[in-house]
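Just so it is clear, none of the values below were taken in a lab; they were calculated from the coordinates. Here the structure is a predicted model, which means the values were calculated and not measured. Please note: Cβ atoms are built from the backbone with ideal geometry, for glycine as well, and neighbour counts cover all protein chains shown.
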Amino acid sequence: MTVAKRNRVTLADVAKAANVSRSTASRALNNSPRISRETTARIKKIADSMGFIPNAQGRALAVGRNETIAILITEPLDELFDDPTYAMFISGITEKLSESSYLPVLLQASTDFERHRVQQHLERRSFDAVIDISPYANNYLLEEMYKLRIPCVMLGQMEDRSYEGIFSSVYSDDTYGAQIAAQAMHDAGRRHPISILGPRSNPASPDRLTGYRRVCGDELPDDRVLFTGWDATAGFSAMMQLLDTHDDIDGLLAGSDRIAVGAIEAIRQRGLTVPDDIAVVGFDDHPIAERCNPPLTTVQQPLREEGSTAADLAMRMIDGEAATTVIKHMTLVRRKSL
């Protein structure tokens, strides 16, 4: 049995059936304010009855947009899945964009090949805007976006603030967050703290150390601070190292909840308890903080809210609004590790 092949209904067919020009039909189908509501409704009804399916490229030409916002991640892919920060950013972004016509697209750019591929798509204007969720790593793509005048929102801050006023940015104040963590530790009577932070190259790490030292001062010298990875394995190893070199530790200021969880296991393996022997304060308030044993006192970052704000700023920049910086507020969530 043979099946007759249906010819695809084109914009020209719709225009002819509605007795209007192709440009009028296109504007009506794309909700242009230049076309009256009555004419728009009539043309859409005709298009629906004919089974017309809009062409994405044609729509992009009609409205001057691709209706696509890229989410750029320059960290390795395994970090994207291991670190809940990125999942919460993406959740906030996609939830906000679900209220709009914009489609989120994830761009991986941790290798030279991936970065080259992203650069090609930037040059083709494949996206209306980009939200960079790890702007501190391999940031030459930021320079490309600057040259191409592509709207960009950074989820995080650059150490040298080189794109301030050019790109929008959304972040929480790491220095302030660390300060309230250290103050809670100090108020608990702990006078011999240590700190385990993420990579020194990540701007959040030195900023958090600055906040800790605003409270701890000379109680937190360099030999009581280690920079490592953000994960639990790194936290475990760093804690073991510090326990080997210091026998007076009574508090840990951890640069992430995952570091804290690994460190608590190291403390337990040394026959010590949390918080009786060593109090622990984490950072981020990832879901793991509440599941930890004991539940982890930590600094809460509004990560989903930051993602949602970034998406909103991206859409505003597409509409021509100027770049802006939004700083979110952090709070301390008290649990049983302090």
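Structure data summary
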{"item": "Ascending count of other beta-carbon atoms within 10 Å, so fewest first, for Arg190, Arg270", "result": "Arg270, Arg190"}
{"item": "Tilt relative to the chain, helix 37-50 - C-alpha long axis, 0 to 90 degrees, to 10", "result": "80 degrees"}
{"item": "Highest average packing first - 147-158, 315-326, 13-24, Cβ atoms within 10 Å", "result": "147-158, 13-24, 315-326"}
{"item": "Among 303-311, 29-37, the order from most to least packed when residues are scored by Cβ within 10 Å on average", "result": "303-311, 29-37"}
{"item": "For Leu332, distant residues with modelled amide H under 5 Å away", "result": "Gln300"}
{"item": "Exposure proxy ranking, count of Cβ atoms within 10 Å, fewest first, for Phe113, Phe127", "result": "Phe113, Phe127"}
{"item": "Rounded to 10°, Cα long-axis angle of helix 232-245 versus longest principal axis of the chain", "result": "20 degrees"}
{"item": "Residues whose placed amide H lies under 5 Å from that of Gly251, excluding near-sequence neighbours", "result": "His192, Ile194, Ala279"}
{"item": "Cα-based helix-to-principal-axis angle, 204-216 vs the chain, degrees rounded to 10", "result": "40 degrees"}
{"item": "Mean separation of Cα contacts under 8 Å, 6 or more apart, over the residue count of the stretch 174-300: relative contact order %", "result": "26 percent"}
{"item": "Neighbour cut-off at most 14 other Cβ (10 Å), DSSP loop, GluC sites (Glu not before Pro), the stretch 69-139", "result": "Glu99"}
{"item": "Kirkwood-based Rg to Rh ratio, the stretch 174-300, C-alpha trace", "result": "0.91"}
{"item": "Pairwise label distance in nanometres, His246 with Glu95, each label 7 Å out on the Cα-Cβ vector", "result": "3.7 nm"}
